[in-house]
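K.L.:
Please read through the structure below; I'll follow up with questions.
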Amino acid sequence: MTPTATTHPERLLEPDWAEITAITPETEDISTFWLRFEAPAIQEHYRFQPGQFNMLYLPGYGEAAISISSDPDESRRLVGHTIRFVGNVTRAINRLKVGDLLGLRGPFSAPWPMDAIEGKDVILASGGIGLAPLRPAIYHILRHRERYGKVILVYGARTPRDLLYLNEYEEWRKADIDVQITVDHADETWSGRVGVVPMWFYHFRIDPRKTALLTCGPEIMIRFVVFEALARRIPTDYIYVSLERNMKCGQGACGHCQLGPYFICKDGLVFPFSALEPYFNVEEY
Amino acid sequence: MIERHLAISSVVSLPKTELDALLAGLRHNGYQTVGPCLKDEGLVYAGIESLADLPRGVISEQAAGKFRLVQTGQERYFDIIPGGQSWKQFLFPPRLTLFTAQKDGRWRIAPDGEPAPRYALIGVRACELAAIEIQDRAFMREDYADPIYRARRRNLFIVAVNCLHPAGTCFCVSLGSGPRAERGYDLCLTELDDAFLVEIGSELGRSLMTELACEPASAYLQNAANQGLEQAVKQMGRHLDTSDLPQLLAGNLDAERWEQVGKRCLSCANCTLVCPTCFCWDATDHTDLLGKVTRRERVWDSFFNPAFSYFAGGNTRPAIRSRYRQWLTHKLGAWKEQYGTLGCVGCGRCITWCPAGIDLTEEIAALREEVEA
């Protein structure tokens, strides 16, 4: 667990303001919002690690927990948030335009263990918007490609039109990342793989002794990805899962995102599977 | 007034009428004095000025789903076991404005500028002291402190009271949290027929007592208090077997009993609201009609509210049995790993105030029985 930054420890839930500097449409219901803090001093000092999230606040609507999807080494410039417009707050954010302000608190949560997995082959398995919190990890790998063995990104979406960051795959491939894309339902434009992400494990050989898995996506996908990883004997300490719950405070204080002894916002979001094992298959826990 | 030397841990006797002077002394020191008083046939914690505001000659009869006031006619003020309210409302208010955001071209935040109130709590039971200690751990962790709680907690003055007449839903002895207040108070009262026995727990408590007409406590009075407390230990209405509770709960998340209790539980959240240790909260926005001013509030929340665990991926705990299991496995299980203590003090409020009469001591006993069968 890494310490989380709170901008105003003496003022509960009080955000700093950040301006929307650009909006990148990604799919029909997902866009990336690029934010820069109003106060230059905050912008200068703001840092995050791959896998962390911010609480974005729109007055009158409330806060939403949004993973940071941009390059951690570029955090002094702009902070990117890839947002699916699915709830009250995010739908209202969708109506904002460049120049509008959002409140921001963060970053929160334990990051992807980029140091601990050095020297390993790395499988990144993600579905839907689950690629957003993995993208900073990909950027980190791109910058330090020599520190990792084989790197495979398995990414799935419902349809080809739901795939995120389409124009970046080529660049990732050039950096020797094996980008494997799959969709649940193809359309006439699609000539790639059809199927769900866990199915990918049947197509390739992996060496469990030197493999680390990072996975993020719908919980049902995570379940089956972990199942396949365990079947291939990847050690539970090297299966890292990023979980989502109803995060509200980001500091393990409000109680909403508890899972067994954990506050997911502070003890996760990223957990080694060994820490989740006792709770993972308990229905509605 | 006799010449005397008082120290922390001194034990003195105080005429009951002198409590008025103590309350006045606290107010003189800038405290709002709050304590038990009767309201709408119940017992609440609210502002009190003098002995006359306390519930004289009244006790409470409590059972699963039942709270009744009973007149005893005795000149006693603290025999009554509290109602649904607990002191947590003063440290962790049920509803509190955090800040106001105004849109004047751009959004600007005006923090709530109110200084933290200074409360003197009068009549805090041993179990309630233990509850405050437990909430201290949740709200003032090493890596995170709730600024609102911390400011109020720093300002707190506590007059504890030893419990001599436990109610039918009490089981503090099982949790080791009562009936005697052992620590964490400024002053501790034991109410005897003609006087209060007062133990001094802090420097401020000591200096306040030097202004009052107190006398060194006789061995007779101390003996009477001790005997009363020994009696109280034997009068617990409930018992909870706490051995290996976290393991019992974590190891039986799929027990049949959850299904059974889930059918009785109404998911009304009463238990979490009356619980003196439950700390979950939510934040909500309240906006004017033009959308230019919004007030951000913190409010109590509960596992039992349907929206509590709702997020984009759906509701984590749609079934009531899952919510009840979450409350009990947290309170009597995972809490230990999080904060080094169970989240229960044996006050019995969740039993008394459950409209379905669900009794967690009974639920644990039934779970043990199912596991052992």
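Computed from the coordinates by the stated procedures, all read-outs in this text should not be read as laboratory data. Being a predicted model, the structure only gives us computed values, none of them experimental. A quick note on method: Cβ atoms are made from the backbone with ideal geometry, for glycine too, and the neighbour counts reach across all protein chains shown.
K.L.:
Quick check: pseudo-label points 7 Å beyond the Cα along Cα→Cβ at B:GLN231 and A:PHE204, how many nm apart are they?
P.N.:
Output for this residue pair reads 7.7 nm.
K.L.:
Please work out whether the stretch B:304-359 counts as rounded, prolate or oblate from its C-alpha gyration tensor, where a ≥ b ≥ c are the square roots of the eigenvalues and a/c under 1.5 means rounded, while otherwise a/b larger than b/c means prolate and anything else oblate?
P.N.:
Oblate, since a/c reaches 1.5 and b/c is not below a/b.
K.L.:
Using the charge dipole of the protein assembly as shown (Lys, Arg: +1 at Cβ; Asp, Glu: -1 at Cβ; taken about the Cα centre), state which of B:TRP335, A:SER67, A:ASN94 has its Cα farthest towards the positive end.
P.N.:
Most positive-ward Cα: A:ASN94.
K.L.:
Which shape class applies to the stretch A:19-131: rounded if a/c is under 1.5, otherwise prolate when a/b exceeds b/c and oblate if not, where a ≥ b ≥ c are the square roots of the Cα gyration tensor eigenvalues?
P.N.:
In terms of gyration-tensor shape, oblate.
K.L.:
Once you measure Cβ to Cβ distances between cysteines in chain B, which Cys have no partner under 4.7 Å?
P.N.:
For chain B, the answer is B:CYS37, B:CYS163, B:CYS170, B:CYS188, B:CYS214, B:CYS265, B:CYS268, B:CYS280, B:CYS344, B:CYS354, because their Cβ atoms have no other cysteine Cβ under 4.7 Å.
K.L.:
May I ask you to derive the relative contact order of chain A, considering only C-alpha pairs under 8 Å and at least 6 residues apart, and to give it as an integer percent?
P.N.:
Value for chain A: 18 percent.
K.L.:
Over 27 Å apart: what share of the alpha carbon pairs of the stretch B:56-183 falls there, rounded to a whole percent?
P.N.:
When all Cα pairs of the stretch B:56-183 are counted, 34 percent exceed 27 Å.
K.L.:
Could you tell me the number of lysine pairs in chain B with C-alpha atoms less than 24 Å from each other, where the two lysines are 8 or more residues apart or belong to different chains?
P.N.:
11
K.L.:
Volume per residue, Å³, of the convex hull around the alpha-carbon atoms of the stretch A:157-285?
P.N.:
Hull volume over Cα atoms, normalised by residue count, gives 143 Å³.
K.L.:
Give the residue from A:LEU142, A:SER191, A:GLN180 lying farthest towards the positive end of the charge dipole for the stretch A:122-205; charges sit on Cβ (+1 for Lys and Arg, -1 for Asp and Glu) and the dipole is referred to the Cα centre.
P.N.:
Selected residue: A:LEU142.
K.L.:
Suppose R0 equals 25 Å; then what is the FRET efficiency for A:ALA92 and A:ARG193 from their Cβ-Cβ distance, rounded to the nearest 0.05?
P.N.:
The computed FRET efficiency comes out at 0.10.
K.L.:
On to the next question. For the stretch B:208-274 and the stretch A:80-143, what is the centre-to-centre distance using only Cα atoms, to the nearest Å?
P.N.:
So the two Cα centres are separated by 46 Å.
K.L.:
Also: Go through A:TYR279, A:GLY103, A:ALA18 and say which Cα lies farthest out towards the positive end of the charge dipole of chain A; charges sit on Cβ, +1 for Lys and Arg, -1 for Asp and Glu.
P.N.:
A:TYR279
K.L.:
Using the 10 angstrom Cβ neighbour count as an exposure proxy, how do B:THR169, A:THR32 rank, fewest first?
P.N.:
A:THR32, B:THR169
K.L.:
Based solely on its DSSP helices, what 222 nm [θ] is calculated for chain B when runs of n ≥ 4 H residues each add -39,500 (n - 2.57) and the sum is averaged over all residues, nearest 500 deg cm²/dmol?
P.N.:
-8500 deg cm²/dmol
K.L.:
Apply the a/c threshold of 1.5 to the C-alpha gyration tensor of the stretch A:61-194 and tell me whether it is rounded, prolate or oblate.
P.N.:
oblate
K.L.:
Relative contact order of chain B: what whole-number percent is it, with Cα pairs under 8 angstrom and at least 6 residues apart?
P.N.:
22 percent
K.L.:
Could you let me know the centre-to-centre spacing of the stretch B:1-50 and the stretch A:146-164, using Cα atoms, in angstrom?
P.N.:
68 Å
K.L.:
How much space per residue, in cubic angstrom, does the convex hull of the C-alpha atoms of the protein assembly as shown take up?
P.N.:
Each residue corresponds to 178 Å³ of Cα convex hull volume.
K.L.:
Using the 2.2 N^0.38 Å rule of thumb for compact globular proteins, work out how chain B stacks up: its C-alpha Rg over that value, please.
P.N.:
That works out to 1.06 for chain B.
K.L.:
Looking only at other chains, what is the average number of their beta-carbon atoms within 10 angstrom of each beta-carbon in A:50-57?
P.N.:
The mean count of partner-chain Cβ atoms within 10 Å per residue comes to 1.
K.L.:
In whole angstrom, how far apart do the alpha carbon centroids of the stretch B:120-186 and the stretch A:21-48 sit?
P.N.:
45 Å
K.L.:
Any idea what the alpha-carbon Rg over 2.2 N^0.38 Å comes to for the stretch B:245-372?
P.N.:
Against the compact-globule rule of thumb, the ratio is 1.19.
K.L.:
In the neighborhood of A:GLU14, defined by Cβ-to-Cβ distances under 11 Å, what is the net charge if each Lys or Arg adds +1 and each Asp or Glu adds -1?
P.N.:
My count for the surroundings of A:GLU14 gives 0.
K.L.:
Suppose R0 equals 22 Å. What FRET efficiency, 1/(1 + (r/R0)^6) with r the Cβ-Cβ distance, do B:LEU266 and B:ASP40 give to the nearest 0.05?
P.N.:
0.50
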